[in-house]
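First comes the structure, then the notes that go with it.
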Amino acid sequence: MVGPRFPGHARPGPATGPAQHPAGLTEAQACGSSVRNRPTSQQGQEQKAMTAEPPESPVTEAVRSLEVRWIFPGQLATAVAGWFGQFPARTESREDIYLLDPRLPGLSVKIRGGEALELKAYRGSPGILEVAGRARGRMESWQKWSFPCRPLRQGSAAPAGWRAVHKRRRISRFSLASGRVVARALGLGGEPGCEVELTEVRARGEDWWTLGFEATGPAGLLRGQLEATAALVFAQALPGGVEPGTDDSRSFAEWLCQQPGTGSDAGA
């Protein structure tokens with residue numbers, strides 16, 4: 001099954017049919033996957049479980065980002081967590097629910113923490129991030145929108161076509177200060193910078209961990225911020241001989257679409 005490595009795909013075009021969201025999704029796709037050929041009772045259940053707020057609700061302005069992510073199987077090693085501990089970080093735990101069916105090439109759709117519907121549109125890759133002898137990964141450009149979303153019912157399972165991913169995240173934010181990249185546990189809202197996260201992941205009963213970089217701000221600064229942050233983070237090599245490479249480099253959307261059961265049993 002081909003995961004959504006998206007070079008060659010056309011960007012989502014303007015709406016020509018039903019009312020669409022900024023990323024080119026119809027209301028049905030954005031709020032509960034395809035409802036075609038499903039029993040009426042099931043459609044009603046999904047609409048109750050996961051619905052967007054009314055149109056008057058505020059919508060976050062589109063955010064451009066440049067990202068690199070590596071995903072590894074197994075539990076996060078204590079030594080790797082200690083390595084990341086050299087930087088101030090905040091921690092959070094949450095469950096994100098990703099839309100896997102229908103497949104939407106070039107788009108990532110998820111319910112973030114049960115509170116927001118997040119749409120991400122892939123905008124291409126500017127190339128490879130390389131920190132000599134330490135890490136090598138594929139940079140991906142994304143554009144993101146966020147909509148308020150009514151919470152799922154307490155204890156309810158992910159609707160058909162969606163998959164739940166449990167995350168425990170350690171997040172450090174890096175920004176330029178007096179010409180130098182410095183780390184902070186919290187960044188100022190809206191300021192350019194690069195977030196680095198070390199996250200423990202559990203999906204379909206399996207443990208994984210991921211190291212991700214996400215630069216945001218003016219388009220002309222994204223690559224420089226990402227590369228400068230990576231140089232600082234990888235100044236000390238990962239312990240245990242771990243060297244992130246291109247084979248480990250992918251987005252969450254691509255990784256999930258490559259997992260067994262995608263498209264048939266997409267529930268958590």
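Coordinate-derived values only; no laboratory data. Keep in mind that what you see is a predicted model, and the values were worked out from it rather than measured. Note: ideal-geometry Cβ built from the backbone for every residue, glycine included; neighbour counts use all protein chains shown.
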Other residues with Cβ under 10 Å from the Cβ of Ile97 give, with Lys and Arg +1 and Asp and Glu -1, a net charge of +1
At a Förster radius of 41 Å, what calculated FRET efficiency corresponds to the Cβ-Cβ distance of Glu61 and Ala81, to the nearest 0.05?
-> 0.75
Pairwise label distance in nanometres, Val182 with Ala132, each label 7 Å out on the Cα-Cβ vector = 2.9
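Please give the net charge around Arg170, taking every other residue with its beta carbon less than 9 angstrom from that of Arg170, where Lys and Arg add +1 and Asp and Glu add -1.
Spelling it out: positives minus negatives among the neighbours equals 0.
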